[in-house]
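Notes to accompany the following structure.
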Amino acid sequence: MTIERTDNKIVWGVLEIESTGLELIYRDGVQDDQHMESSYILYGEEYASIQAIYRFVDQLTPENKQNAGTGHPPILPPGLGGTQQTQPAQVHRHGR
């Protein structure tokens, strides 16, 4: 899952939903000079800063790929979104 914030920060990982917010768990930890970071937490009061949420088809499990189109019309017509590997399965935009 990829989250784009209104400040243009983009974070991605495996989404876990908690009672106090969302956690995106990185597939690989990120090391800087001071610490190892393994996830990004977005608390409920920060939800207004979410501009878009993306799920990419090539990152879905086989079961989720089968269900990706149910309940939502296609976001982009075939041929306009590139290959299936780069076309989002679902995009949810907030505030625009």
* Qualifying positions in segment 20-29 - loosely packed, with under 14 Cβ neighbours inside 10 Å and touching a residue at least 24 places away in the same chain (Cβ under 8 Å) -> THR20
* How many residues are modelled with pLDDT of 90 or more and either in a loop (DSSP other than H, G, I, E, B) or charged (D, E, K, R) (or both) if we restrict to segment 20-34? -> 2
* Asked: In segment 35-52, which residue that is at pLDDT below 90 and surrounded by fewer than 11 Cβ atoms within 10 Å (Cβ to Cβ) is nearest to THR2 (Cα to Cα)?
  -> MET36
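In segment 21-57, which residues are among the charged types (D, E, K, R) and in contact with a helix residue (DSSP H, G or I) (Cβ under 9 Å, 6 or more places away or on another chain)?
In the first step, residues of segment 21-57 are kept if they are among the charged types (D, E, K, R); the result is 23, 27-28, 32-33, 37, 45-46, 55.
Selection gives ARG55 alone.
Please find, within segment 9-19, the residue that is nearest to ILE53 (Cα to Cα) out of those that are part of a loop (DSSP other than H, G, I, E, B) and without any contact (Cβ under 8 Å) to a residue 12 or more places away in the chain. It would help to see each step written out before you state the result.
Going through segment 9-19, the residues part of a loop (DSSP other than H, G, I, E, B) turn out to be 9, 13, 19.
Then drop every residue that is not without any contact (Cβ under 8 Å) to a residue 12 or more places away in the chain, which leaves 9, 19.
Numbers: LYS9: 12, SER19: 19 Å.
Once the filter is applied, the top-ranked residue is LYS9.
Looking only at segment 36-62, filter to residues that are among the aromatic types (Phe, Trp, Tyr) and in a strand (DSSP E or B); which one of those is nearest to the chain's Cα centre (by Cα)?
From segment 36-62, those among the aromatic types (Phe, Trp, Tyr) are 40, 43, 47, 54, 56; that's our starting set.
Filter once more, so that each one left must be in a strand (DSSP E or B): 40, 43, 54, 56.
On the way: TYR40: 12, TYR43: 15, TYR54: 4, PHE56: 8 Å.
Out of the qualifying residues, it is TYR54.
The values are calculated or read from the model by the stated rules, or taken from the named source; none is laboratory data. None of these values were measured; they are calculated from a predicted model. Glycine gets a Cβ as well: all are built from the backbone with ideal geometry, and neighbour counts include every protein chain shown.
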